[in-house]
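Asker: Have a look at this one.
The values are calculated or read from the model by the stated rules, or taken from the named source; none is laboratory data. Small disclaimer: the values here were computed from a predicted structure and weren't measured. With ideal geometry, Cβ positions are generated from the backbone for all residues, glycine too; neighbour counts draw on all protein chains shown.
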Amino acid sequence: MSDSGIDLRSYVSADEARARGKALRDRVPVTARDRAAEGARRPGVLDYIEASNAGRLPHLVPLRIGRMMASPFTFYRGAAGLMAADLAGGPDTGLTAQLCGDAHAANFGLYGTPRGEIIMDINDFDETIAGPWEWDLDRLAASLVLAGRESGAGEDDCRTAAHDAARAYRLAADHLAEQPFLAAWSALPDESVLSQAAAHDLIDDFKKAAKKARKNTSAKVVAKWTEHLEDHQTGITKHRFVSDPPILTPVEDAVAAALTDGLERYGDTLRESRRNLLARFAVSDIAFRIVGTGSVGLHTYVALLHGNADEALVLQLKQARPSALAPYLPAPAPKHEGKRIVKGARLVQSESDILLGWTSVDPTGEGVELPFIVRQFRNMKGSIDPAELSAAELDDYGRLAGALLARAHSRSLDPRLLAGYLGDDERFDDAVADFAVRYADRTESDHAALVDAVERGKIAAEQPD
């Protein structure tokens, strides 16, 4: 084997790979996914929240708590590390994939490829890390139950959505295992995946979201969030963000200068042709912008860049923290958390943002550089909110997300091993669904503990607008 670590001298046949996967059932039966919701390493709910708030901007922590209080599903979305503590030490096959790390149902979304196609894929990688493939699937399944409960679906319907997500994962792994390597690797999760996943009730939702996504561009951001500034000497019209506190606020000149320096260094993390593309723009303005639930309290900014004539490009700079799963997995600590996120996204997504990269910035001027990821802020992004779907639509969404997750895992884990392990054993689907319902119950109790702590004045919360 060469120093690259790639072995091109040995070949593993499909039959041999499937047999290796099947042999894992002797140690970890497919029914092992049905187990207790709580793990031995679980911290107290309030202890977990306090620890997860460490290092965040203190004045934004109450807003994060307020967003987590909104419902058990929103609590779940901000508690990937708590679930990791529950999953740690549980049964797994030992097969490692590059995980999303936070594969809840709302982290699947639509976005545009460089060629203008709208595809649907996992779109959040803050927690990405190498780990047991089962962790992502368990997180997806439980999230479907929580989303269904929020939308008013019946308990049987919620369980069915989790069950069918697991089944779709199993069937997609088998399908990918039968495909030529290149075909499986390059398959785009475009509108055709709806038919492949039998998600027919979602067709209208997908088309509506895709139509909206096509309009979700930097130009739209400029139209809604900025004001015009015309340079009378050059005749060039630039733009500046209009403050909209607390969500969008201006930054001091020193912060803007540090972030611009970081953007210039970020260019070195792009491929050479894309570096040349970036170099044709110039920064017009930078603002602080609050995003998400799990990211509230981190340093997150939007940069407005001026391009050709009236063209504008909006980039997001988002602080990168260690994966919430890292304390529970043996993966080595990365040298740069932003690079970890970017490498994970590039490995998992079928098509990643052409301007996705990383950098380091000292936004406080205290001599401490923080890791950031940089990406297009509006890249024809869209979404289907799983918490607003009917029971039939939620079931279709579960099947679609399960199939997409299997495709994502197949980029780092040989699907023939997965297919060999899962086989055609429907007990796997039932086991995942039973755990999902149990874990949703656990999350509702965790959410209630947070609400109670806020009501008793133990934790401050600010209700989002």
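Asker: From the list Ala401, Ala419, Ala448, which residue is modelled with pLDDT under 95 and assigned to a helix (DSSP H, G or I)?
Answerer: Criteria check complete, one pass: Ala401.
Asker: How about segment 375-410: which of its residues are assigned by TED's automatic domain parsing to the domain that holds Pro132 and of a type in the set (Val, Ile, Thr)?
Answerer: None - no residue of segment 375-410 is assigned by TED's automatic domain parsing to the domain that holds Pro132 and of a type in the set (Val, Ile, Thr), so the list stays empty.
Asker: Something else: For the structure I just gave you, tell me whether Val314 is under 16 Å from Glu227 (Cα atoms), in contact (Cβ under 8 Å) with a residue 60 or more places away in the chain and either part of a helix (DSSP H, G or I) or in contact with a Leu (Cβ under 8 Å, 6 or more places away or on another chain) (or both).
Answerer: Yes, satisfied.
Asker: Within segment 38-60, is there a residue that is surrounded by fewer than 19 Cβ atoms within 10 Å (Cβ to Cβ), of a type in the set (Lys, Arg), part of a loop (DSSP other than H, G, I, E, B) and within 22 Å of the chain's Cα centre (by Cα)?
Answerer: Yes, segment 38-60 has at least one match.
Asker: Looking only at segment 135-160, which residues are hydrophobic (A, V, I, L, M, F, W, C) and surrounded by fewer than 24 Cβ atoms within 10 Å (Cβ to Cβ)?
Answerer: none
Asker: Okay, next question. Do any residues in segment 37-59 that are over 27 Å from Leu370 (Cβ atoms) and of a type outside the set (A, V, I, L, M) have Cβ atoms under 6 Å from those of residues that are crowded, with 18+ Cβ neighbours inside 10 Å and modelled with pLDDT of 95 or more, where the two are at least six apart or on different chains, and which pairs are they?
Answerer: Glu38/Asp86; Gly39/Ala85; Gly39/Asp86; Gly39/Ala88; Arg41/Ala85; Arg41/Ala88; Arg42/Ala85; Arg42/Asp86
Asker: Pairs needed: first member in segment 124-142, without any contact (Cβ under 8 Å) to a residue 40 or more places away in the chain; second member anywhere, in a helix (DSSP H, G or I); C-beta distance under 7 Å; at least 6 residues apart or different chains.
Answerer: Asp124/Asn107
Asker: Name the pairs: first residue in segment 214-240 and not assigned by TED's automatic domain parsing to the domain that holds Gly116 and modelled with pLDDT under 85, second residue of a type in the set (Val, Ile, Thr) and assigned to a strand (DSSP E or B), Cβ to Cβ under 7 Å, at least 6 apart or on different chains?
Answerer: Correct list of pairs: His228/Thr237; Glu230/Thr237; His239/Thr226.
Asker: Suppose we filter Ala166, Ala153, Ala147 for residues that are in the same structural domain as His104 (by TED's automatic domain parsing), within 15 Å of Phe108 (Cα to Cα), at pLDDT 95 or above and not polar (S, T, N, Q); which single one remains?
Answerer: Exactly one residue qualifies, and that residue is Ala147.
Asker: May I pose another question? What's the number of the condition Ser10 fails, among (1) part of a helix (DSSP H, G or I); (2) without any contact (Cβ under 8 Å) to a residue 40 or more places away in the chain?
Answerer: In the conditions (1) part of a helix (DSSP H, G or I); (2) without any contact (Cβ under 8 Å) to a residue 40 or more places away in the chain, Ser10 misses (1) alone.
Asker: One residue is enough: does segment 317-324 have a residue meeting the conditions out of contact with any helix residue (DSSP H, G or I) (no Cβ under 7 Å at 6 or more places or on another chain) and in a helix (DSSP H, G or I)?
Answerer: Checking segment 317-324: not a single residue is out of contact with any helix residue (DSSP H, G or I) (no Cβ under 7 Å at 6 or more places or on another chain) and in a helix (DSSP H, G or I).
Asker: Same structure again: Yes or no: segment 143-160 includes at least one residue that is part of a helix (DSSP H, G or I), over 20 Å from Gly344 (Cα atoms) and out of contact with any helix residue (DSSP H, G or I) (no Cβ under 8 Å at 6 or more places or on another chain).
Answerer: Scanning segment 143-160, I find at least one residue that is part of a helix (DSSP H, G or I), over 20 Å from Gly344 (Cα atoms) and out of contact with any helix residue (DSSP H, G or I) (no Cβ under 8 Å at 6 or more places or on another chain), so the answer is yes.
Asker: Within segment 384-396, does at least one residue satisfy the condition of being within 24 Å of the chain's Cα centre (by Cα), part of a loop (DSSP other than H, G, I, E, B), crowded, with 17+ Cβ neighbours inside 10 Å and in contact (Cβ under 8 Å) with a residue 24 or more places away in the chain?
Answerer: Yes - at least one qualifying residue is present in segment 384-396.
Asker: A further question on this structure: Condition first: under 26 Å from Ala161 (Cα atoms) and in contact with a strand residue (DSSP E or B) (Cβ under 9 Å, 6 or more places away or on another chain). Can you find one or more residues in segment 361-382 that meet it?
Answerer: Checking segment 361-382: at least one residue is under 26 Å from Ala161 (Cα atoms) and in contact with a strand residue (DSSP E or B) (Cβ under 9 Å, 6 or more places away or on another chain).
Asker: Mind checking which residues of segment 104-119 are within 11 Å of Leu404 (Cβ to Cβ) and more than 12 Å from the chain's Cα centre (by Cα)?
Answerer: Passing the criteria: only Ile119.
Asker: Restricting to segment 261-292, give me the number of residues that are surrounded by fewer than 21 Cβ atoms within 10 Å (Cβ to Cβ), over 12 Å from Val374 (Cα atoms) and of a type in the set (Val, Ile, Thr).
Answerer: The number of residues fulfilling the criteria is 3.
Asker: How many residues, within segment 101-123, are farther than 22 Å from Val30 by Cα, in a loop (DSSP other than H, G, I, E, B), touching an Asp or Glu at 6+ places or on another chain (Cβ under 6 Å) and at pLDDT 90 or above?
Answerer: 1
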